[in-house]
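Written out below as C-alpha cells is the structure these notes cover.
The values are calculated or read from the model by the stated rules, or taken from the named source; none is laboratory data. Note that the structure is a prediction, hence the values are computed from the model and not measured. Cβ coordinates were reconstructed from backbone atoms using ideal geometry, including for glycine residues, and neighbour counts include every protein chain displayed. Accessible surface areas use protein heavy atoms only, side chains included; no ligands, DNA or RNA. Shrake-Rupley method; radii C 1.70, N 1.55, O 1.52, S 1.80 Å.
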Amino acid sequence: MRISNEQLQAFIQDVGIVGRQDLEATLKIAQKSGRNLGDILLEQKMIEETELQKLYAHILGIPFVDLQKQAISPLVLQLVPEPIARKYNVVAFEKDGSQLKIAMINPDDLQTIDFVKKKTGLRVVPCLTTKESMKELLRQYTQSLKSEFGDIITKEAEDVEEGEGNELEKIAQDLPIVRIVDTLIKHAIIQSASDIHIEPGTKDVHVRYRIDGILHDAMTLPKQVLSGLVARIKVLSNLKLDEHRLPQDGRFKIENEEHKISFRVSILPIFDGEKIVMRLLDESSKGLTLEKMGLHDEALETIHRQIKKPNGMILVTGPTGSGKTTTLYTIVDILNTQEVNISTVEDPVEYRMERINQTQVNSKIGMTFAAGLRSLLRQDPDIIMVGEIRDGETLEIAIHAAMTGHLVLSTLHTNSAAGAVPRMLDMGAEAFLVASTTNIIVAQRLIRKLCGDCAEEYTLEQKEIQTLGKDVDMETILSYLKTKKYVKENQQWKDIVFHRPKGCKQCNNEGYKGRNGIYEVLEIDEDIEKMIVQSASTETIERKAKEKGMATMVEDGFYKAIQGITSIEEVLRVTKE
C-alpha cells in the first residue's frame with residue numbers, strides 16, 4: 001500500500017495505541033530491514049490487524065468494513081467471478097443503483113478495480129477489510145455453489161447409461177460419471193462431512209453425508225448411475241472392477257491449494273448392489289491440541305502427567321466414531337521429538353505423520369495387530385501406538401511391552417473408563433498385570449458445538465429439571481459443578497443460564513457447527529490398582545474414582561453446556577446408554 005513507514009508512525013503516535021519508545025524501536029527495525037512497519041507491529045502483537053487496517057483506511061481516505069458475519073446476496077457475490085475473487089482477494093458485497101462496493105485487502109490494486117468496473121459496468125467503491133474478514137467472504141462462494149450441485153448431478157445423471165463387464169472401465173472414464181463423483185466429493189468437502197454414504201435402493205441411489213456425527217440426506221440419484229459410480233470410485237481407489245461379490249477396501253487422495261484430503265473407501269455387496277462408504281480425512285488440518293479437543297483442568301493435567309512417563313499403557317475408550325484415534329494422534333504428536341522412536345500398528349493408517357513409523361495391518365497375509373506388534377518390539381521403539389486392542393493376544397503383547405520399558409497407546413471399545421478394566425480381564429489378561437501396567441484410561445464422546453451466531457439463552461423450568469432428573473442425577477452434577485467452582489455456591493438449577501440451538505444461515509439451520517469432546521479420565525493409582533487386583537466391578541471402580549475427583553462424561557458435558565459450548569440435549573444424546 002502507498003503508505004510510508006513515517007506516515008504510519010505519525011498516525012499511530014496521534015492515536016496513541018502504541019507507546020512512543022516501542023514505536024520508535026520498531027521503526028528502526030523496519031528501516032534497517034527494509035520492511036513494512038505495520039507488518040512488524042503485527043508480528044510483535046503491538047497492534048491488532050483490525051486496528052491497523054482501520055488506520056490504513058483512514059490514511060488512504062477510503063471506508064473500512066468488517067464483514068465476518070454479513071451474509072451477501074448471491075446475485076451481488078457473483079458480480080465478481082470466484083477465480084478473480086480468490087486470486088486477487090476482492091469481493092463484491094453491496095450494490096446500490098449503479099454503485100458497487102467491493103471489499104479488498106490491497107486497495108492499490110488498480111488493475112483489479114478496473115477489471116471489476118469493466119466487467120460490471122458499475123461505479124466501483126473500494127473498501128478496506130481484514131484477512132480474516134476476506135476469508136469468511138470467500139467462504140460464501142462455496143456456500144452459494146451448494147444449490148447448483150443438485151442441478152448439475154441431475155443433468156449429468158440423465159446422460160448416463162448402464163454398463164456391465166468390459167464396459168465398466170469405459171463408463172468409469174465417461175464425462176457424466178466423472179462429473180457426478182467430483183461433484184459429490186466437492187459438495188461433501190464444502191459441508192465439512194466426515195463420511196459419504198452411497199446406498200443403492202430398489203429404484204434409486206441415496207447419497208447421505210455425515211456432518212458433525214449426524215447423517216443427512218444429500219441427494220437421490222437414478223439407479224442407472226450406480227454401476228458407473230461404483231466403477232469410478234473403484235478406479236480412483238485402485239480396486240478390482242470386476243469383483244462384485246466380496247467386500248473391498250481402498251483409498252485415494254485429493255490435493256489442491258485449499259485441501260489435502262485422504263479418502264478411505266469401503267465397498268460392501270448388498271441385496272440391491274454395492275454400497276460405498278467413503279471417510280474423509282483432512283490431512284491439511286494441523287495444530288490440534290488436547291485443549292482444543294475439549295480437555296481442561298484436572299483431566300488435562302492428568303493426561304499430560306501420564307504421557308511423560310517412560311512406560312505403561314494409555315488407553316482411550318469409546319464407541320466407533322467417538323474420536324479415539326484423533327486423541328491418540330494428538331498425544332503422539334505431543335510426544336513426537338527427535339529423542340524418541342515412535343512406531344504404530346494401525347488398521348488402517350488414517351493420518352500420515354512425519355518421523356513416525358506407521359505399519360498397516362493386513363490380515364489376509366497374516367499381518368495382524370498381534371503379529372505387527374510382535375515385530376515392532378524388535379525395532380527398538382520407545383513409544384508404540386496400537387490402533388485397537390481387539391483380542392487377547394494383542395492385549396497380552398501390549399501389556400508385556402508396557403512392562404518392559406515401552407509407553408503403549410491404544411484404544412478399546414467400552415462405554416466408560418472404568419468399563420475398560422473388566423473388558424481386559426474378559427479378554428484373558430491377568431488382573432495384577434492390568435493393574436501394574438495401565439497408567440490412565442480416557443473415555444470420550446463427541447458432542448456437536450452450538451452455532452455461535454444463533455444460540456439462544458434460557459433457564460430451566462422446574463418441569464424440565466424433573467424430566468432431566470429421570471435420565472441423570474441432577475443433584476450429584478450440581479454438587480460437582482459447585483465443588484469445581486463452575487457455578488456459585490448459592491446457585492440452583494433454575495438460576496443457571498444454558499443455551500439451545502436455533503438455526504441460521506451460518507449453520508444451515510442446524511443450530512450446531514463443529515464438534516468438541518466430553519471426557520472422563522481415570523488415573524490408575526494405588527487404591528484403584530488394589531481394586532483391579534481384587535477384580536472389582538465397573539461400578540465399584542467408578543465410585544472410587546469419583547470420590548478421588550474424577551468427572552464423568554455427563555458432568556463434563558454439563559460443564560460444557562454451562563460454558564455455552566453445547567446444549568443439554570446434545571450431552572444426553574451422546575451419553576445415554
Regarding E161, is this residue modelled with pLDDT under 70 and open to solvent by 20 Å² or more (accessible area, probe 1.4 Å)? yes
Among the residues of the range 172-183, is any touching a strand residue (DSSP E or B) at 6+ places or on another chain (Cβ under 6 Å) and either in contact (Cβ under 8 Å) with a residue 60 or more places away in the chain or crowded, with 18+ Cβ neighbours inside 10 Å (or both)? no
Those residues of the range 226-247 which are open to solvent by less than 20 Å² (accessible area, probe 1.4 Å) and not in a helix (DSSP H, G or I), in sequence order: S237
For Q466, indicate whether it is over 30 Å from Q360 (Cα atoms), in contact with a Leu (Cβ under 9 Å, 6 or more places away or on another chain) and open to solvent by 20 Å² or more (accessible area, probe 1.4 Å). no
Please go through the range 325-347 and pick out each residue that is open to solvent by less than 30 Å² (accessible area, probe 1.4 Å) and within 19 Å of the chain's Cα centre (by Cα). T327, L328, Y329, T330, I331, V332
What's the total number of residues in the range 542-563 that are touching a residue at least 60 places away in the same chain (Cβ under 8 Å) and assigned to a helix (DSSP H, G or I)? 12
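A85 - would you say it is within 39 Å of the chain's Cα centre (by Cα), outside any helix (DSSP H, G or I) and under 28 Å from C507 (Cα atoms)?
no
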Look through the range 302-324, keep the residues that are on the phi < 0 side of the Ramachandran plot and open to solvent by 40 Å² or more (accessible area, probe 1.4 Å), and return whichever of them is nearest to the chain's Cα centre (by Cα). T320
Scanning for something touching a residue at least 24 places away in the same chain (Cβ under 8 Å), under 30 Å from V434 (Cβ atoms), open to solvent by 40 Å² or more (accessible area, probe 1.4 Å) and charged (D, E, K, R), does the range 498-520 turn up at least one residue? no
How do the pairs read when you match residues in the range 47-73 that are over 22 Å from N36 (Cβ atoms) and among the β-branched types (V, I, T) with residues anywhere that are open to solvent by less than 60 Å² (accessible area, probe 1.4 Å) and at pLDDT below 80, using Cβ under 8 Å and keeping only pairs 6 or more apart or on different chains? I72/Q140
Kindly establish whether L281 is surrounded by 17 or more Cβ atoms within 10 Å (Cβ to Cβ), modelled with pLDDT under 90 and not in a loop (DSSP other than H, G, I, E, B). yes
Of (1) at pLDDT 75 or above; (2) surrounded by 14 or more Cβ atoms within 10 Å (Cβ to Cβ), M1 satisfies every one except (1)
Tell me the residue from T483, T414 that is without any contact (Cβ under 8 Å) to a residue 24 or more places away in the chain and out of contact with any Leu (no Cβ under 8 Å at 6 or more places or on another chain), please. T483
